[in-house]
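Asker: I'd like to ask some things about the structure below.
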Amino acid sequence: MGLSRYSNSNALAVALTISCVIVASYAGNFHDDMDITFGGERAKILNGGQDLSLSLNQYSGSGFQSKHEYLFGRFDMQLRLVKGNSAGTVTTFYLSSKGAGHNEIDFEFLGNSSGNPYTIHTNVYSQGKGDKEQQFHLWFDPTAAFHTYTIIWNKQRIIFLIDNIPVRVFNNHEASGVPFPKSQPMRVYASLWNADDWATQGGRVKTDWTKAPFTASYRKFNANANKIGPNSKSTSSQNENQAWSTQGIDAAGRNRIRWVQKKHMVYDYCSDKKRFANGLPAECKRSRFH
Ligand SMILES: *[C@@H]1O[C@H](CO)[C@@H](O)[C@H](O)[C@H]1NC(C)=O
């Protein structure tokens with residue numbers, strides 16, 4: 001009896017250890033993965049690295065970036081956006097390289113006055129050139145709970161997902177002369193800042209500083225990606241077989257994207273003939289998804 005109790009509790013301890021290891025490797029730790037880049041005390045890593053909160057007041061916003069650079073991968077982050085009157089604020093989660101001709105893959109969350117919907121703004125920059133915006137309203141309240149925002153970046157395409165539902169696919173159209181981000185390593189960035197000159201209803205609705213500080217929360221960052229630089233354990237060859245490295249959109253995914261784009265998309269650069277009066281960008285004509 002005594003012995004079996006002992007061995008049971010031992011088995012339990014082993015089981016607990018294993019599940020902790022799995023959770024830790026999935027969730028990551030903000031102390032290990034990120035550096036605070038601005039805002040000082042406004043950015044806080046909490047609960048032993050499990051949570052990170054950013055805040056914004058009239059003096060400054062705040063932000064962080066990954067310690068590592070990556071070349072291709074799958075990047076997941078859970079976010080809970082600024083509650084209440086978030087007009088004028090912008091919360092971000094994006095990948096970017098540095099320098100002239102940089103590449104960037106963006107999720108930006110444009111706040112709104114109470115009761116009005118956030119706008120999810122996505123963009124892709126290749127060799128310093130963006131102008132590929134798609135915007136969405138959400139099918140849930142992004143301030144009430146955490147939701148998962150994901151960027152998959154491989155050689156064939158970039159996929160934006162929300163709670164694992166693909167909302168946008170930007171295919172590699174290099175064959176048609178459209179530059180695609182593929183040779184510059186990128187870091188992960190996140191920030192909360194004031195953009196009331198343009199963010200909300202075209203800049204008409206300003207930040208209400210009597211409601212400051214504004215706070216957004218991040219957790220469960222996970223990069224399943226090719227780390228670049230010293231101490232990098234994961235290499236391209238190791239990652240060649242990872243699901244993300246060839247991930248595309250199957251029939252079910254195409255149905256979901258169609259649903260999102262039909263019901264929830266509020267802006268698509270490929271439909272903006274006024275803006276591109278001299279002709280839409282090449283990728284707009286090459287495929288339904290861009
Ligand atoms: C804010 O709400 C208005 C009215 O519903 C909507 O048109 C707009 O897209 C929303 N988002 C932003 C960022 O202005």
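Asker: Yes or no: Leu79 within 28 Å of Gln201 (Cβ to Cβ) and near the ligand (Cβ under 9 Å from one of its atoms)? Spell out how you get there, then give the answer.
Answerer: Details: within 28 Å of Gln201 (Cβ to Cβ): yes; near the ligand (Cβ under 9 Å from one of its atoms): no.
For Leu79, the condition - within 28 Å of Gln201 (Cβ to Cβ) and near the ligand (Cβ under 9 Å from one of its atoms) - is not met.
Asker: Which condition from (1) buried (at least 21 other Cβ atoms within 10 Å of the Cβ); (2) within 16 Å of the ligand (Cβ to nearest atom); (3) not basic (Lys, Arg) is the one that Phe160 breaks?
Answerer: Of (1) buried (at least 21 other Cβ atoms within 10 Å of the Cβ); (2) within 16 Å of the ligand (Cβ to nearest atom); (3) not basic (Lys, Arg), only one is false for Phe160: (2).
Asker: Mind checking whether some residue in segment 260-268 is closer than 30 Å to Ser60 by Cα and surrounded by fewer than 17 Cβ atoms within 10 Å (Cβ to Cβ)?
Answerer: To start, the set of residues in segment 260-268 that are closer than 30 Å to Ser60 by Cα comprises 266-267.
Then keep just the ones that are surrounded by fewer than 17 Cβ atoms within 10 Å (Cβ to Cβ); that gives 266-267.
Looking for residues that are closer than 30 Å to Ser60 by Cα and surrounded by fewer than 17 Cβ atoms within 10 Å (Cβ to Cβ), one finds at least one in segment 260-268, hence yes.
Asker: Say we look at segment 257-290 and pick out the residues that are among the aliphatic types (A, V, I, L, M), more than 17 Å from Arg157 (Cβ to Cβ) and touching a strand residue (DSSP E or B) at 6+ places or on another chain (Cβ under 9 Å); which of these is nearest to the ligand (Cβ to nearest atom)? First the steps, then the outcome.
Answerer: Filtering segment 257-290 for residues among the aliphatic types (A, V, I, L, M) gives 257, 260, 265-266, 277, 280, 282.
Filter again for more than 17 Å from Arg157 (Cβ to Cβ), leaving 265-266, 277, 280.
In the following step, the residues that additionally are touching a strand residue (DSSP E or B) at 6+ places or on another chain (Cβ under 9 Å) were identified as 265-266.
Working: Met265: 12, Val266: 6 Å.
If we take residues in segment 257-290 being among the aliphatic types (A, V, I, L, M), more than 17 Å from Arg157 (Cβ to Cβ) and touching a strand residue (DSSP E or B) at 6+ places or on another chain (Cβ under 9 Å), then Val266 is nearest to the ligand (Cβ to nearest atom).
Asker: Let me ask you something else. Considering segment 80-114 alone, what residues qualify as being part of a loop (DSSP other than H, G, I, E, B), at pLDDT 95 or above and among the aliphatic types (A, V, I, L, M)?
Answerer: Leu81, Val82, Ala87 - these are the residues of segment 80-114 that are part of a loop (DSSP other than H, G, I, E, B), at pLDDT 95 or above and among the aliphatic types (A, V, I, L, M).
Asker: Also, I was wondering about something else. Scan (1) in contact (Cβ under 8 Å) with a residue 40 or more places away in the chain; (2) within 16 Å of the ligand (Cβ to nearest atom) for the single condition Leu71 breaks and write down its number.
Answerer: Answer for Leu71: the failing condition is (2).
Asker: Scan segment 168-203 for residues that are surrounded by 18 or more Cβ atoms within 10 Å (Cβ to Cβ), away from the ligand (no atom under 16 Å from the Cβ) and not in a loop (DSSP other than H, G, I, E, B) and jot them down.
Answerer: Arg168, Val169, Phe170, Asn171, Met186, Arg187, Val188, Tyr189, Ala190, Ser191
Asker: Just for segment 127-150: of the residues that are touching a His at 6+ places or on another chain (Cβ under 6 Å) and part of a strand (DSSP E or B), which one is nearest to the ligand (Cβ to nearest atom)?
Answerer: Filtering first and then ranking leaves Gln135.
Asker: In addition: On the basis of being touching a residue at least 40 places away in the same chain (Cβ under 8 Å) and within 16 Å of the ligand (Cβ to nearest atom), does Asn57 make the cut? Give the derivation first.
Answerer: Numbers: touching a residue at least 40 places away in the same chain (Cβ under 8 Å): yes; within 16 Å of the ligand (Cβ to nearest atom): no.
Against the criterion (touching a residue at least 40 places away in the same chain (Cβ under 8 Å) and within 16 Å of the ligand (Cβ to nearest atom)), Asn57 does not qualify.
Asker: What residue, among those in segment 112-126 that are within 15 Å of the ligand (Cβ to nearest atom) and of a type in the set (Gly, Ala, Ser), is surrounded by the most Cβ atoms within 10 Å (Cβ to Cβ)?
Answerer: Ser113
Asker: Tell me, yes or no, whether segment 113-130 has at least one residue that is at negative phi, among the small types (Gly, Ala, Ser) and in contact with a Pro (Cβ under 6 Å, 6 or more places away or on another chain).
Answerer: Start the filter on segment 113-130 by keeping residues that are at negative phi, which leaves 113-114, 116-126, 129-130.
Filter once more, keeping what is among the small types (Gly, Ala, Ser): 113-114, 126, 130.
Now restrict to residues that are in contact with a Pro (Cβ under 6 Å, 6 or more places away or on another chain): 126.
Checked against the condition, which is being at negative phi, among the small types (Gly, Ala, Ser) and in contact with a Pro (Cβ under 6 Å, 6 or more places away or on another chain), segment 113-130 yields at least one hit.
Asker: Can you confirm whether Phe109 is within 25 Å of Ser271 (Cα to Cα), within 16 Å of the ligand (Cβ to nearest atom) and buried (at least 23 other Cβ atoms within 10 Å of the Cβ)?
Answerer: Yes; evaluated as a whole, the condition is true for this residue.
Asker: Is there any pair with a first residue in segment 259-284 that is within 25 Å of Phe140 (Cα to Cα) and a second that is exposed (fewer than 12 other Cβ atoms within 10 Å of the Cβ) whose Cβ atoms are under 9 Å apart and which are 6 or more apart or on different chains, and what are they?
Answerer: That search, which allows pairs on different chains as well, returns Tyr269/Arg275.
Asker: Next up: Mind telling me which of the residues Lys220, Lys206 ends up being more than 16 Å from the ligand (Cβ to nearest atom) and either over 20 Å from Gln50 (Cβ atoms) or touching a residue at least 12 places away in the same chain (Cβ under 8 Å) (or both)?
Answerer: On the way: Lys206 fails: more than 16 Å from the ligand (Cβ to nearest atom).
Within the list Lys220, Lys206, the selection yields Lys220.
Asker: Could you check how many residues of segment 151-167 are assigned to a loop (DSSP other than H, G, I, E, B) and more than 15 Å from Phe93 (Cα to Cα)? Before you say what the answer is, go through the steps one by one.
Answerer: Here is the first cut: in segment 151-167, the ones assigned to a loop (DSSP other than H, G, I, E, B) are 154-156, 163-164.
Filter once more, keeping what is more than 15 Å from Phe93 (Cα to Cα): 154-156, 164.
Adding up the residues that qualify gives 4.
Asker: May I pose another question? Any residue at all in segment 222-234 that's surrounded by 17 or more Cβ atoms within 10 Å (Cβ to Cβ), over 21 Å from His68 (Cα atoms) and of a type outside the set (D, E, K, R)?
Answerer: Just the residues of segment 222-234 that are surrounded by 17 or more Cβ atoms within 10 Å (Cβ to Cβ), to begin with: 222-228, 234.
After this cut, where a residue has to be over 21 Å from His68 (Cα atoms) as well, the list is none.
Checked segment 222-234: no residue is surrounded by 17 or more Cβ atoms within 10 Å (Cβ to Cβ), over 21 Å from His68 (Cα atoms) and of a type outside the set (D, E, K, R).
Asker: Which is modelled with pLDDT of 95 or more and at negative phi, of Lys220, Lys274?
Answerer: Details: Lys220 fails: at negative phi.
Going through Lys220, Lys274 in turn, just one is modelled with pLDDT of 95 or more and at negative phi: Lys274.
The values are calculated or read from the model by the stated rules, or taken from the named source; none is laboratory data. For clarity, every value in this text was computed on a predicted model and none was experimentally measured. Virtual Cβ from ideal backbone geometry, glycine too; neighbours counted across all protein chains shown.
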